[in-house]
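Enquirer: Below are the structure tokens for one structure; questions will follow.
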Amino acid sequence: MAPVVIKNGRIITAVDDYTADILMEEERVQTIGRDIPVGADVEVHDAAGLLVLPGVVDVHTHLDWEFGTARSADTFGTGTQAAAFGGTTTLVDFADQKRGQSPLAGLEDWHQRAQSASVDVGAHMILTDVTDQTLEDMKTLIAREGVSSFKLFMAYPGVLMVDDASLFKAMRTAGSNGAMVCVHAENGPVIQALIEEALSQGRTGPKYHMLTRPSLMEGEATHRAIRISELAQTPLYIVHLSAQEALESVAEARDREIPVYAETCPHYLFLTDEEYDRPGFEGAKYVMTPPLRTQAHQQELWRGLRTDNLQVISTDHCPFCFQEQPLGMKYSKRLGYEDFSKIPNGAPGVETRLPLVFDGGVHQRGLSINRFVELTSTSPAKLFGLFPKKGTIAVGSDADIVLFDPEETWTITASEQHSRVDYTLFEGRSVTGRVKKVFLRGQLIVDGPEWRGREGMGHFVSRGESGKV
Ligand code: URP
Ligand code: ZN
Ligand code: ZN
């Protein structure tokens, strides 16, 4: 592959902001400097007027994933292409252990599905069955397979939920072997009681998804997870944090220097629970877990991002189509047309994170441009054992680069997106800031609206220790 030079761009990392050229060769950043000489064999891209950002890292996706009776609608091929158009060059997706099976078998299955990835991919492991053998297999996953983070669910009883003893045992093993535990923190049994009560009263519409998952129960589970992790002495990462009560627990623990980290997602930062008042079944598009919250919660999340009680913005991309066709019922929100508790939980978002956070954070709320890179690239890379290969622009790092126009205003619409899903949560929203070109390990994969990548060109990234910043 010919060497590539990006000229005259404004290079932004979590700590830098300067104008220079970047020479990329053999998949890495080779040189950063002023007026790098270019020979005839060099591919040159002029980035004058553009921001040059590290390829974005998304540490929360569910591609081609069986979830109860449903399956998420993106393959690794379509989901990673959509990610690339959103500037994401690395994602960490969730492999899962089926009950009664080894997590190693779950990883093998994930590797089969991930073969079509066109950006680089790592795997977390969801644990559903924490036996003595599972604890041994965790060590193998960490030391041999490059899987240094595990997700456990305190929600979804009968599907994914584990009890507190399992949570504790998995945390203890993770903590003493250089791994981190990610927790979906909601009180599953209480929520289940609320769901059953609502259904018995004939309350079946999508809005009841939100009404049966109160923020208090997210706060309660977050507090419990933190206390268990303290005892187990493991770093803990709270996924998709949406509620003020949960954030308060995280802040309180961090003040005591307990290694607790948390992410939130664009939908919690830009949408509120008013979306569930949409007519008919439309609210089902917004059925993700935890549900959308009120404006007051949203303001606290923005504050958490500023004060570093939240360290990461990830997408939780878990797409299900609104319509049944063409993919079929299994991939569709229609599974829950008559019963909100059967609506597959999850929403798309892998393509829209960067422009949304730039527009809503940097443009509208005065978030610094370095913090923007930190939240979307550098911190997730550091926390999940990918840094400095990923998450920054530095000599020797992978040449994953995004050229981003900070001035272009455009409108988000599903018809121009690349996921297989048939809607976006942000239809018709005008945003300022747009991904123009994306390089994966030095190779141009997105060129304006053109796809230059190839299914299968993504590499598996074996990760180092997680939970250290
Ligand atoms: O609604 C969501 N978040 N679906 C994906 C599964 C999970 O809990 O992350
Ligand atoms: Zn979750
Ligand atoms: Zn998720």
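The values are calculated or read from the model by the stated rules, or taken from the named source; none is laboratory data. Every value quoted in this text rests on a predicted model; they were computed, and no experiment measured them. Here the Cβ is made from the backbone with ideal geometry for all residues, glycine too, and neighbour counts use every protein chain on show.
Enquirer: Are any residues in region 215-244 under 18 Å from the mean Cα position of the chain (by Cα) and closer than 13 Å to MET180 by Cα, and if so, which ones?
Expert: LEU236, TYR237, ILE238, VAL239
Enquirer: Also: Could you give every pair whose Cβ atoms fall below 6 Å, whose first residue belongs to region 112-133 and is over 10 Å from ASP93 (Cα atoms) and surrounded by 24 or more Cβ atoms within 10 Å (Cβ to Cβ), and whose second residue is among the aromatic types (Phe, Trp, Tyr) and at pLDDT 95 or above, counting only separations of at least 6 or pairs across chains?
Expert: ALA117/PHE76; LEU127/PHE150
Enquirer: Another question about this same structure. Out of region 134-162, which residues are surrounded by 15 or more Cβ atoms within 10 Å (Cβ to Cβ) and either modelled with pLDDT under 95 or within 16 Å of ligand 3 (Cβ to nearest atom) (or both)?
Expert: SER149, PHE150, LYS151, LEU152, PHE153, MET154, ALA155, TYR156, LEU160, MET161, VAL162
Enquirer: Pairs please, first residue from region 65-79 and within 12 Å of ASP93 (Cα to Cα), second anywhere and assigned to a helix (DSSP H, G or I) and among the aliphatic types (A, V, I, L, M), Cβ atoms under 6 Å, 6+ apart in sequence or on different chains.
Expert: Close Cβ pairs satisfying both conditions: PHE76/ALA114.
Enquirer: Considering only region 243-280, how many residues are in a loop (DSSP other than H, G, I, E, B), closer than 14 Å to HIS223 by Cα and of a type in the set (Gly, Ala, Ser)?
Expert: Within region 243-280, the subset in a loop (DSSP other than H, G, I, E, B) is 243, 256-259, 265, 271-272, 278-280.
Retained after the next criterion (residues that are closer than 14 Å to HIS223 by Cα): 243, 256, 258-259.
Retained after the next criterion (residues that are of a type in the set (Gly, Ala, Ser)): 243.
Total meeting the criteria: 1.
Enquirer: Additional query: Among THR315, THR289, which is the only one that is in a loop (DSSP other than H, G, I, E, B), among the β-branched types (Val, Ile, Thr) and over 15 Å from THR424 (Cα atoms)?
Expert: Exactly one of THR315, THR289 is in a loop (DSSP other than H, G, I, E, B), among the β-branched types (Val, Ile, Thr) and over 15 Å from THR424 (Cα atoms), namely THR289.
Enquirer: Taking ARG10 as the residue in question, decide whether it is closer than 13 Å to LEU403 by Cβ, touching a residue at least 24 places away in the same chain (Cβ under 8 Å) and not β-branched (Val, Ile, Thr). Break it down stepwise before answering.
Expert: Details: closer than 13 Å to LEU403 by Cβ: yes; touching a residue at least 24 places away in the same chain (Cβ under 8 Å): yes; not β-branched (Val, Ile, Thr): yes.
Judged against the criteria, ARG10 is a match.
Enquirer: List the helices (runs of 4 or more DSSP H) inside region 352-394, counting only whole elements, that have at least 1 residues being touching a Pro at 6+ places or on another chain (Cβ under 6 Å).
Expert: Filter on region 352-394 gives 353-357.
Per-residue answers, yes or no, for (1) within 16 Å of ligand 2 (Cβ to nearest atom); (2) modelled with pLDDT under 95; (3) surrounded by 24 or more Cβ atoms within 10 Å (Cβ to Cβ):
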| site | (1), (2), (3) |
| --- | --- |
| ARG306 | no, no, no |
| GLN311 | no, no, no |
| HIS317 | yes, no, yes |
| PHE322 | no, no, no |
| ARG334 | no, no, no |
| LEU354 | no, no, yes |
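Enquirer: Could you tell me which numbered condition ALA165 fails, if it satisfies all but one of (1) hydrophobic (A, V, I, L, M, F, W, C); (2) touching a helix residue (DSSP H, G or I) at 6+ places or on another chain (Cβ under 9 Å); (3) surrounded by fewer than 17 Cβ atoms within 10 Å (Cβ to Cβ)?
Expert: Result: ALA165 passes all but (2).
Each row is one residue, and each column tells you yes or no for (1) of a type in the set (A, V, I, L, M, F, W, C); (2) closer than 15 Å to LEU354 by Cα; (3) in contact (Cβ under 8 Å) with a residue 12 or more places away in the chain.
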position	(1), (2), (3)
THR424	no, yes, yes
GLY428	no, no, yes
GLY442	no, no, yes
ILE445	yes, no, yes
ARG452	no, no, no
